[in-house]
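Here the structure comes first, spelled out in structure tokens, and everything after it is commentary.
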Amino acid sequence: MTSADLAPEPGGVLDTGLADDALHSELSRTWRTKRGVIGALSSVDHKVIARRYFITAFMFLCLGGLSAVVMRLQLSGPERSLVGPDLYNQLFTMHGVTMMFLFAVPMVQAAGIYLVPLMVGTRNIAFPRLNAFSYWVYLSGGVFAWVSFVLNMGPDVGWFAYVPLSGPEFSPGKRSDVWAQMITYTEVSSLAVAVATIVTILKQRAPGMSLDRMPLFVWAMLVTSFVVVFAMPAVMITSTFLILDRLVGTHIFNPAEGGDAILFQHLFWFFGHPEVYIIFLPATGMVSSIIVAFARRPVFGYLALVLSLIAVGFLSFGLWVHHMFATGLPKLGASFFTASSMLIAIPNGLQIFCWLATLMGGRPVIRTPLLFVLGFFFIFVAGGLTGVMLASVPLDLQVHDSYFVVAHFHYVLIGGSVFPMLGAAYFWFPKITGRRMSERLGQWHFWLAFIGFNAAFFPMHIVGLWGMPRRVYTYPADVGWGDINLFITTGAVILFLSFVLFAFNLGRSATVGELAGDNPWAAGTLEWATASPPPSYNFARIPVVGHAEPLWAERDGLSVASGLRVDARELVISTVAEAHADVREKSAAPSIWPLFAAAAVGGTFLYSIFTPWAVVWGAPPIAVALIGWFWPKGEPEDE
């Protein structure tokens with residue numbers, strides 16, 4: 001593709017004919033984030049927004065981990081009195097809420113925000129102001145939840161907040177309202193990121209990057225984003241109905257007034273089981289990227305892996321009653337969900353086989369990122385096996401609400417998501433910072449995390465089969481659970497210390513780590529075709545792609561497109577299937593209005609836990625912020 005392929009635009013400075021130094025200078029001036037506080041708050045650079053997500057989500061991970069350590073110390077022996085039942089209820093609720101809604105989903109979406117535009121060869125994410133808005137809403141929701149906890153208003157009804165426990169009769173005060181509105185904050189944020197990600201992938205891919213040449217991580221983020229779009233509204237409806245029951249007296253979940261308490265579970269788990277795959281699917285994309293780079297060969301079974309991703313995303317919507325076998329549903333209906341719970345193991349297993357075949361057919365180089373992937377294989381397969389066990393209704397009824405379920409849940413989520421995330425952190429850290437993380441500290445981190453995790457969570461299967469229920473803050477000495485709980489707590493402390501070591505490695509490497517170069521792993525995808533860290537405009541000239549691993553296929557240098565303006569934020573918009581260059585489109589300039597809009601929306605959500613009139617009084621400031629956001633500025637063609 002040459003500059004002639006893009007229709008020339010009257011006026012403006014085109015990149016055609018500019019020397020490299022002049023081109024970099026002009027693009028830096030056009031795409032830079034302005035200095036100062038206002039400039040930083042107005043930034044719409046996807047890399048800046050993603051780094052904010054990374055840092056914020058990591059802080060919430062630390063808070064969630066600290067709450068878990070306090071709970072485990074309380075349970076390390078019988079009749080401990082470190083915390084009382086009320087604080088313990090808040091701790092386990094805040095732990096679950098934080099890990100699911102404030103760490104796991106935002107962290108994987110942040111990886112997509114940072115990497116997808118680089119991997120598809122574009123200069124910014126679609127709808128960059130919407131992307132900036134999503135971060136501010138997410139931040140306000142997380143701060144709201146933890147400030148409420150500090151003020152003794154933290155939710156105390158579990159991360160899934162079943163009614164009638166969370167209803168007005170059994171949860172007076174504002175704790176359940178905090179849970180409901182925190183959910184709304186985070187889901188608005190997730191939906192905004194999902195929409196931006198879908199449009200970026202489908203319409204902003206580099207010329208030539210057809211659907212069958214997209215990196216598997218991009219495929220994973222595309223499927224995940226569609227799952228978010230279809231699943232997240234269900235939990236937003238759930239939390240809204242709960243707020244209406246509590247503040248307006250609608251009785252949607254009140255059986256005494258014609259409502260249905262089981263409806264809450266149906267709505268929540270219609271979101272809740274896809275939520276597991278919203279976290280897991282991006283992790284599989286990370287695993288694919290890491291394995292290909294360290295196996296030194298293209299992935300085995302590319303089409304099978306893509307179809308597996310789509311199948312998992314589709315099947316995830318047919319599993320929600322998997323969590324409701326103990327609610328007395330018709331046995332015939334439960335049998336269908338048993339079948340679908342076992343069926344989803346097929347595409348997941350197929351991915352494992354493709355990854356193993358890739359490693360066996362290559363020449364693997366063992367580094368820290370690959371160690372975390374190998375640990376993921378072991379832990380996730382173990383969690384998947386117990387998942388198949390729990391798909392059996394008779395067994396599920398026996399171990400329901402026991403520590404066996406807690407063990408399974410953590411094996412799937414930590415093994416299936418956090419271990420790949422940690423591998424991805426080591427893998428893409430050089431891209432984000434330009435420096436390598438310490439390999440020696442990384443290996444220590446892996447072994448501490450692997451040993452600590454299995455020591456903490458594998459014995460929970462045993463104590464669950466012995467009858468220990470979940471969500472208890474203490475237990476009597478004569479039941480015989482003391483020694484095994486002490487062992488579990490020891491493992492949890494080791495796991496926590498591994499994250500302390502990880503945090504030290506992050507901070508040290510970001511400042512004095514070894515310089516990495518642009519492509520330290522000799523990987524083949526487009527994010528490694530630009531500088532590390534990337535400039536504000538990502539690519540001086542848009543690459544043209546002819547292979548799924550373009551840096552391996554074209555070792556003499558990528559073909560590039562030209563003809564874009566350098567004095568305006570301009571992107572190439574391509575066709576959906578074949579990624580033929582279609583039109584040129586302006587990317588939104590930095591703006592402070594997304595922050596103001598998030599403040600107005602967040603203030604409305606916060607005020608609404610005290611009165612439903614907040615919806616009325618919050619509408620004018622939201623309208624003003626949106627008018628400022630979309631008001632035409634500059635020349636007509638810039639809008």
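At most 15 other Cβ atoms within 10 Å and a DSSP loop assignment: could you name the GluC sites (Glu not before Pro) in the range 477-584 that fit? Hits after loop and neighbour filter: 514, 578. Each residue of the range 377-390 was assigned a 3J(HN,Hα) from its phi angle through the Karplus expression (A = 6.51, B = -1.76, C = 1.60, θ = phi - 60°), giving 3, 5, 6, 5, 4, 4, x, x, 5, 5, x, 5, 4, 6 Hz with x at Gly and Pro. Angle, helix 614-630 long axis vs. longest principal axis of the chain, Cα atoms, 0 to 90°, nearest 10? Taking Cα atoms only, the helix is inclined about 20 degrees. Non-local lysine pairs in the range 3-638, meaning eight or more places apart or on different chains, with alpha-carbon distances under 30 Å, amount to 14.
Charges at C-beta only: +1 for Lys and Arg, -1 for Asp and Glu. How large is the resulting dipole of the chain about its Cα centre, in Debye rounded to 20?
The calculation lands at about 1040 debye.
With angles folded into 0 to 90 degrees, how steeply does helix 261-295 sit against the dominant principal axis of the chain? Use alpha carbons for both and round to 10. Once rounded, one gets 50 degrees. Between residue 626 and residue 346, the modelled labels are 4.4 nm apart [label points 7 Å from Cα along Cα→Cβ].
Scoring 506-512, 122-128 by mean Cβ neighbours within 10 Å over their residues and listing the highest first yields 122-128, 506-512. Between amide H atoms placed 1.01 Å from N, distances below 5 Å from residue 559 occur with 544, all of them 5 or more places distant or on a separate chain. Relative contact order of the range 3-638, please, whole-number percent, based on alpha carbon pairs below 8 angstrom and at least 6 residues apart. Averaging sequence separation for qualifying contacts and normalising by length gives 23 percent for the range 3-638.
Shape analysis of the chain based on the Cα gyration tensor places the equivalent ellipsoid semi-axes at 41, 30, 23 Å, largest first.
Read-outs: derived from the displayed coordinates by stated rules, not from any lab. Keep in mind the model is a prediction, meaning the values are calculated, not measured. Because the Cβ atoms are built from the backbone with ideal geometry, glycine has one as well, and the counts that use them run over all protein chains shown.
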